[in-house]
Amino acid sequence: MIDMHSHFLPATSQAEAYAVDAERAPWLRVDGDGRTGQVMLGERPFRPVHDALWDPDARVRELDEAGIALQVVCATPVMFGYGWEPERAAEWAVRMNEKALAFCARHPTRLKAMAQVPLQDLRLACDEAARAVASGCIGVQIGNHVGDKDLDHPQMVEFLTFCAEQGIPVFVHPWDMMGGAGRMKQWMLPWLVAMPAETQLGMLSLILSGALERIPPSLRICFAHGGGSFAYTLGRVDNAWRHRDIVRQDCPELPSTYARRMYTDSAVFDPGALRLLTDVMGTERVMFGTDAPFPLGDQEPGALVRGCDFLSADAQQRILEGSAREFFGAGRLD
């Protein structure tokens, strides 16, 4: 199995984070046992974590237990720094990408890294994407928006065009979720309601704006968490396109025809959801992803895919390994 969606956060010190942004730069507070800790934002605990987030040896032990041959790691989205001054965010991205490569270098046949970029600045984002890939990263991870700029914003479209032209795979992860704390203040509702909606918003922004008509078809772009609510509501979107001119004014083709310009991971946790997802995207556009090492991730890696009798053995292996090899390209995962 190749797990294409997992996260890391390096053992960043409080002083290192405070030098960048004392309130928003994440740092890691490790407990006395060395195996548990907290991701901190300033003085505020953000998320309890365990050693697989920052220790590559602990990560590989978990891979061995799960039977995962290779895992792709990328930044925990709180690391993005999109709200900072661009040059500061660019310096941070370089530092975090070097830490990601060092994390993977300890087990180079088991771990590969995707880069983060200062997406709030087009030139700096393109420069860092190119530099990081030349240094050994196998793609880039971006958030689904920067402030009020969604993926159809001209700056975002230019960045995706650059990645298409340079052959850089792009993984889009939802972050900074809509709704705020007022209406979603407990029960993890931002992650359960707003996060799937953010992913669908990113996908539909590219489709309905006509951006996918302008971006080269060579772009390899994947959306996290099975595309959020995209597959389930695509019929509603097609119906709106057929009957409302304001929906189709910038989108020349039926929205569902663009689904197979994109990939998703397989992190949907339900056989019915996976069946719908593979029907909409095609098994060749779904890649195995666990969202490790967090509690909302896949706790029995591979069991969902292998337990679906509507998937042939070839289709299962395509999801578990083959689609990722195609997405990242020949040689990048070796």
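The values are calculated or read from the model by the stated rules, or taken from the named source; none is laboratory data. This is a predicted model, so every value here is computed, not measured. Ideal geometry is used to build each Cβ from the backbone, glycine not excepted, and the neighbour counts take in all protein chains shown.
Among residues of region 17-33 that are assigned to a helix (DSSP H, G or I), those with a beta-carbon under 6 Å from a residue that is surrounded by 15 or more Cβ atoms within 10 Å (Cβ to Cβ) and at pLDDT 95 or above at least six positions away or on a different chain give the pairs ALA17/TRP27.
If you go through region 216-244 and keep only what is in contact with a Ser or Thr (Cβ under 7 Å, 6 or more places away or on another chain) and either buried (at least 20 other Cβ atoms within 10 Å of the Cβ) or under 18 Å from MET4 (Cβ atoms) (or both), you end up with CYS222, PHE223, ALA224, HIS225, GLY226, GLY227, GLY228, PHE230, LEU234. I'd like to check something: does region 285-303 contain any residue that is of a type in the set (D, E, K, R) and closer than 30 Å to GLY210 by Cβ? Yes, region 285-303 has at least one match. Restricting to region 109-124, name every residue that is among the aliphatic types (A, V, I, L, M) and either touching a Ser or Thr at 6+ places or on another chain (Cβ under 6 Å) or part of a helix (DSSP H, G or I) (or both). Result: LEU122, LEU124. Of the residues making up region 75-84, not a single one is over 15 Å from MET96 (Cα atoms) and not in a loop (DSSP other than H, G, I, E, B). Scan region 174-219 for residues that are more than 20 Å from HIS153 (Cβ to Cβ), modelled with pLDDT of 95 or more and basic (Lys, Arg) and report the count. Adding up the residues that qualify gives 0. Where residues in region 260-292 are surrounded by fewer than 21 Cβ atoms within 10 Å (Cβ to Cβ) and over 21 Å from ALA303 (Cβ atoms), which of them is modelled with the lowest pLDDT? Filtering first and then ranking leaves ARG260. Meeting the requirement of 3 or more residues that are free of Cβ contacts under 8 Å to residues at least 40 places away in the same chain, the helices (runs of 4 or more DSSP H) wholly within region 161-243 are 180-183, 195-208, 230-243. Pick out the one residue from GLU284, GLU253 that is among the charged types (D, E, K, R) and within 22 Å of LEU70 (Cα to Cα). Just one listed residue meets the conditions, GLU284.
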